[in-house]
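K.L.:
Take this structure, written in structure tokens, and hold onto it; I'll ask about it next.
Read-outs throughout are calculated quantities, based only on the coordinates presented, and are distinct from any laboratory measurement. Just so it is clear, the model here is predicted, and its values are computed rather than measured. Note: ideal-geometry Cβ built from the backbone for every residue, glycine included; neighbour counts use all protein chains shown.
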Amino acid sequence: MHPKYSDKIVIAFNGGAYGSYLMWILYTLLYDDEIFDPFNEDLGNSHKFYNEHKKETVTDITQSIFDSKQLYIPEKSKIITLHPKICFTQSIQRSLDQVTEIFGKYILIYPDKNAYLLNIHNFLTKIWGDIHTSLLQYIELNDVYAGYPDAMETDFKDLPNWILREYMSFNVFSSWEDQVEWYFPDKYENKNMCFITINDILYDVENTIEKIRKEYDLSWSKPVNSILPYHKKNLTLQKYINQDKLSNDILKNFFNNKNASWNPDDITIISESYIQKRLRDSGYELKCHDLNVFPNSISNLKKIIV
């Protein structure tokens, strides 16, 4: 550990895991500033804090951590953030080991197994604003057109639902799992790591904050309950918070031969593609050509199984 960095609070997290929100919580409690609302309400993220209010007290080292010669931490920066893996050649463990060498310890935020789809939805919708833009960050459109010749020369945002759903079912989840090295906590231990899950932040925020306070021996500038009205608001903005339960209930009923129905407006095309993938992995293929409207019951779902 470099002694001049011993007082830094490091937050490592993958995109969509509420790292910006935790950053805002710590900033709010550490500094004697007036509390401000960090939320972009249309997207449900807390990026307004980082984009408008971070000042000189927060530094992101996502790029520089991979080249220690480029690492520069302003003296006034108290909170350090990073994404530990941003391309397939990198390793989360190597990144975190390097963080330990420099800073001594860190906070790792990671999705719970029952927040899998929540994190993926956040990643695809909260960072770039819409699913088409986010997918364009890492796909080759020629691959799409090669697999679906009927879509040739169609703008990506105009692709029919059935193509988008099938393409995502083959690519999005494997790509995301590689990015987060799913399920990383089962494969890695580090006594210098303060491990926090998405559910800890969303559903046990007071105990989570206390855990961090003790880990770093911090003193707050204001009471923890001062952020609770904002936390309550944040929960109302998480419109994908039920996608894991809904999707897994559908799959459970399918495999248990129990009929059930759901409101088609409640399920997203991302969750539909996840269901399609999970069914395929279990040997059930959907007759997906021109399936632009996904079934809304188990009985109708079974009618389109090959």
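K.L.:
What percent do you get for the relative contact order of the chain when only Cα pairs under 8 Å and 6+ apart count?
P.N.:
After rounding, I find 23 percent.
K.L.:
VAL293 label point, 7 Å along Cα→Cβ, cut-off 16 Å on backbone N: hits in the stretch 151-185?
P.N.:
Zone members listed by number: 161-162.
K.L.:
Turning to a different aspect of this structure: Give the cross-link partners of LYS303 among the aspartates and glutamates, using a straight C-alpha distance below 12 Å as the criterion and excluding same-chain residues fewer than 8 apart.
P.N.:
In chain and number order, the partners are GLU285.
K.L.:
222 nm [θ] for the chain, helices only, -39500 (n - 2.57) per DSSP H run of 4+, per residue, to 500?
P.N.:
Calculated at 222 nm, the ellipticity per residue is -12500 deg cm²/dmol.
K.L.:
Give the long-range amide H neighbours of TYR110: residues separated by 5 or more places, or on another chain, with amide H under 5 Å away, using H modelled in the peptide plane at 1.01 Å from N.
P.N.:
For TYR110, whose amide H was placed from the backbone, the distant partners under 5 Å are ILE196, THR197, ILE198.
K.L.:
Under 24 Å from the Cα of LYS4, which lysines turn up, not counting those fewer than eight places away in the same chain?
P.N.:
LYS54, LYS55, LYS69, LYS76, LYS78, LYS105, LYS191, LYS211, LYS214
K.L.:
What's the extension gain from TYR203 to ASP97 if we count 0.36 nm per residue and subtract their Cα-Cα distance?
P.N.:
Full extension of this stretch gives 35.3 nm more.
K.L.:
Here is a further query. Within 10 Å, count the other beta carbons around each residue, average over each peptide in 6-18, 273-285, and list them highest first.
P.N.:
So the peptides 6-18, 273-285, ranked by packing, come out 6-18, 273-285.
K.L.:
Nearest 10 degrees is fine. How inclined is helix 19-30 to the longest principal axis of the chain, computing both from alpha carbons?
P.N.:
The angle comes out near 30 degrees.
K.L.:
Which ordering of VAL306, VAL180 is given by a fewest-first count of other beta-carbon atoms within 10 Å?
P.N.:
VAL306, VAL180
K.L.:
Counting Lys +1, Arg +1, Asp -1, Glu -1, what net charge surrounds TYR216 among other residues with beta carbon under 14 Å of its beta carbon?
P.N.:
Details: positive: LYS8, LYS78, LYS105, LYS211, ARG213, LYS214; negative: ASP7, GLU210, GLU215, ASP217.
Taking every other residue near TYR216 into account, the sum is +2.
K.L.:
Continuing with the same structure: Among the aspartates and glutamates, which fall within straight-line cross-link reach of LYS85, defined as a Cα-Cα distance under 19 Å, with same-chain neighbours fewer than 8 residues apart omitted?
P.N.:
Answer for LYS85, where 19 Å is the Cα cut-off: ASP60, ASP67, ASP97, GLU101, ASP112, GLU177, ASP178, GLU181, ASP186, GLU189, listed by chain and number.
K.L.:
Right, here's the next one. Any idea what angle helix 269-281 forms with the longest principal axis of the chain, computed on alpha-carbon atoms, 0 to 90 degrees, nearest 10?
P.N.:
Helix 269-281 and the main axis of the chain meet at about 70 degrees.
K.L.:
Tell me which label goes with the value of P(r) over Cα pairs in 10 Å bins from 0, in percent computed from the coordinates here: (i) 6, 23, 26, 18, 9, 5, 4, 3, 2, 2, 1, 1, 0; (ii) 5, 25, 31, 22, 12, 4, 0; (iii) 6, 24, 32, 28, 10, 0.
P.N.:
Computing P(r) over Cα pairs in 10 Å bins from 0, in percent and matching it to (i) 6, 23, 26, 18, 9, 5, 4, 3, 2, 2, 1, 1, 0; (ii) 5, 25, 31, 22, 12, 4, 0; (iii) 6, 24, 32, 28, 10, 0 gives (ii).
K.L.:
Can you tell me the relative contact order of the stretch 243-303? Whole percent, Cα pairs under 8 Å, sequence separation 6 or more.
P.N.:
That works out to 46 percent.
K.L.:
For the stretch 243-303, what class follows from the C-alpha gyration tensor (a ≥ b ≥ c being the square roots of its eigenvalues): rounded when a/c is under 1.5, otherwise prolate if a/b is larger than b/c, else oblate?
P.N.:
Working: a/c = 1.21, a/b = 1.02, b/c = 1.18.
It comes out rounded by the Cα gyration axes.
K.L.:
Also, quick follow-up: Could you list TRP176, TRP24, TRP220 in order of exposure, starting from the residue whose Cβ has the fewest other Cβ atoms within 10 Å?
P.N.:
Exposure proxy ranking, most exposed first: TRP220, TRP176, TRP24.
K.L.:
Exceeding 30 Å between C-alpha atoms, which entries from my cross-link table qualify? They are LYS232/LYS277; LYS113/LYS239; LYS8/LYS245; LYS157/LYS277; LYS233/LYS287.
P.N.:
Result: LYS232/LYS277; LYS8/LYS245; LYS233/LYS287 exceed 30 Å.
K.L.:
Now a separate question. When the Karplus curve 6.51 cos²θ - 1.76 cosθ + 1.60 is applied with θ = phi - 60°, which whole-Hz ³J(HN,Hα) does each residue of the stretch 220-237 get, with x for Gly and Pro?
P.N.:
Computed from phi, the couplings for the stretch 220-237 are 8, 8, 8, x, 4, 5, 5, 8, 4, x, 5, 5, 4, 5, 4, 4, 5, 8 Hz.
K.L.:
Starting from the Cα of ILE127, move 7 Å in the Cα-to-Cβ direction to define the label point; list residues of the stretch 218-248 whose amide nitrogen is under 15 Å from there.
P.N.:
The answer is none.
K.L.:
For an R0 of 35 angstrom, estimate the FRET efficiency from the Cβ-Cβ distance between THR154 and ILE35 and round to the nearest 0.05. Show your work: numbers first, answer last.
P.N.:
Details: r = 47 Å, r/R0 = 1.34.
Efficiency at R0 = 35 Å is approximately 0.15.
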